[in-house]
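What follows is a set of notes on a single structure, which appears directly below.
A short reminder: the numbers here are calculations on the coordinates, not readings from a lab. Note that the coordinates shown come from a computational prediction; the quantities given were computed from them, not determined experimentally. Counting neighbours? That spans all protein chains shown, and the Cβs are built from the backbone with ideal geometry, glycine included.
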Amino acid sequence: MADRVTVIGWDGSPLTAAARSALSAATLVAGAAHHLALPEVPPTAERIRLGSLGLAARRIAGHRGTAVVFADGDPGFFGVVRTLRAPEHGLEVEVVPAVSAVAAAFARAGMPWDDAQVVVAHPRTLRRAVNVCRAHAKVAVLTSPGAGPAELALLLDGVHRTFVVCEELGTDREQVSVLTSDKAADHSWRDPNVVIVIGGGGQAPTADTGWLLGQSAAQSGERGWARPQPDAGEGESAQLRAAQLARLGPRTGDLVWDIGAGSGGVAVDAAVLGAAVIAVDADPHACERVTAAARKRGVQLQVVVGRAPHVLENLPEPDVVRVGGGGAEVVAAVADRRPERIVSHASTRDEAEAIGRVLTEHGYALECALLQSVALDPRTWAEQDRSVVFLLSAQRPVTR
């Protein structure tokens, strides 16, 4: 095992005395090509070009001597420190930090970033990173080859955002470009880069939001969800919406389809919970109500006017779907896209059985409940409204 491992963050600034001291004693140095080319790297030290962090960590763990690992920015912020400290490697590390690439990018843009979401985009996580960009007005994306500004822009098709692309921060080739997302896909970008994704019509953060990183205006607004709505349509009781949201479980990184969005209650609440949302309705007036409700709550969502199932063909792949209208035909079209969860409801047993049959035929595990809710006047305890509805929720089996 290495006698000592020092991780040095590098942001383009001259190396600190602590970093130079660690380097002078190093018998092994790991880093990217521009790190290994630094004049302070001892000529006699073994050099490892960082590719697979796990492989590098194993080589460092087996090295007899003093090791230094270079990383761009702050190595403790989505960086190599987590990999090196993994139990299977058994390494104890000392860290010489630097300004993180995210902090540097926002500094170049002249913007605060305590209200920003920060995500890492690899080819395997790119879709979830894009969903965060759909859902939030300010996102910093730490990119990687195959999951850069062009790929982000392509998957954001139909959602207008502004990109601040910061290439090769801290080097003499540093460049900052500001452009709209529809232009980013036509450009070749240099790695490494950070993309700040800005846009949408949500509320600006208030003074009350300045205490928690990534806090949004929606999260600091009214408490609770599935509250009663005066403009809620048939089958949109607060109790049904609460049960649907509980079964869907929308979360950050998800894309939710709300088909037959109606007043927008489910769509807006899912957005408040951090998910990206596409609300679909055939009624243009309903779509206007959804847009107004989202603006009032300070959340980002996309509204699509059109009739399901045909309008669904060009939408990006969903994680969870609420079918608020259209019956078994729409549920079948949704199930063909294989989301993790599907929630629907029916006013009659025949309709519920038809929807349930479609879901089981598509291999989903089905749950059904008959929900009855009665609204009461608390002054007289007289009945104001009664709702009886079948709730159907289905989960795609987990494949091993």
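List the equivalent ellipsoid semi-axes of the range 111-188 in whole Å, largest first, each obtained as the square root of 5λ for an eigenvalue λ of the Cα gyration tensor.
So the equivalent ellipsoid measures 18, 15, 13 Å along its semi-axes.
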Angle in degrees between helix 327-336 and the longest Cα principal axis of the chain, rounded to the nearest 10: 20
Does the range 234-318 come out rounded, prolate or oblate, given a ≥ b ≥ c as the square roots of the eigenvalues of its C-alpha gyration tensor, rounded meaning a/c under 1.5 and, failing that, prolate meaning a/b above b/c? rounded
Would you please report the Å³ per residue occupied by the convex hull of the alpha carbon atoms in the range 14-56? 76
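What is the packing order of peptides 385-395, 305-315, taking the mean over residues of other C-beta atoms within 10 Å and listing the highest first?
Working: 385-395: 18.2, 305-315: 15.7.
Result, highest mean first: 385-395, 305-315.
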A chain fully extended from ALA18 to ALA375 at 0.36 nm per residue, minus the present Cα-Cα distance, gains in nm 121.7 nm
Can you give the helix-only mean residue ellipticity at 222 nm for the chain, where every DSSP H stretch with n ≥ 4 adds -39500 (n - 2.57) and the sum goes over all residues, rounded to the nearest 500 deg cm²/dmol? -8000 deg cm²/dmol
Calculate the dipole size of the range 287-400 relative to its Cα centre from +1 charges on Lys and Arg beta carbons and -1 charges on Asp and Glu beta carbons; express the result in debye to the nearest 20. 440
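Please report Rg over Rh for the range 35-167, where both radii come from the alpha carbon positions and Rh follows the Kirkwood definition. Before the final figure, lay out each step's value.
Values: Rg = 17.4 Å, Rh = 17.0 Å.
Here Rg/Rh amounts to 1.02.
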Applying 1/(1 + (r/R0)^6) with R0 = 35 Å to the Cβ-Cβ distance of VAL120 and ARG307, what FRET efficiency is obtained, to the nearest 0.05? 0.40
Scale the Cα Rg of the range 243-400 by the rule-of-thumb value 2.2 N^0.38 Å and send over the ratio, two decimals. 1.05
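Can you check what the net charge comes to around GLU167, using other residues whose Cβ is under 13 Å from the Cβ of GLU167 (Lys, Arg +1; Asp, Glu -1)? The partial results should precede the final answer.
Numbers: positive: ARG108, ARG173, ARG190; negative: ASP72, GLU168, ASP172, GLU174, ASP191.
Taking every Cβ under 13 Å from that of GLU167, the sum is -2.
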From the phi angles alone, apply the Karplus equation (6.51, -1.76, 1.60; θ = phi - 60°) to the range 276-289 and give each ³J(HN,Hα) in whole Hz, x where the residue is Gly or Pro. 7, 9, 10, 9, 10, 7, 7, 8, x, 5, 4, 5, 5, 5
If contacts are Cα pairs under 8 angstrom and at least 6 residues apart, what is the relative contact order of the chain in percent? 11
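Using unit Cβ charges (K, R positive; D, E negative) and no other charged atoms, how large, in debye to the nearest 20, is the dipole of the chain about its Cα centre?
Details: 39 positive and 45 negative charges, 170 e Å.
Magnitude of the dipole: close to 820 debye.
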List every residue whose amide H lies under 5 Å from the amide H of ASP72, counting only residues 5 or more places away in sequence or on a different chain, with H placed 1.01 Å from N in the peptide plane. TRP10
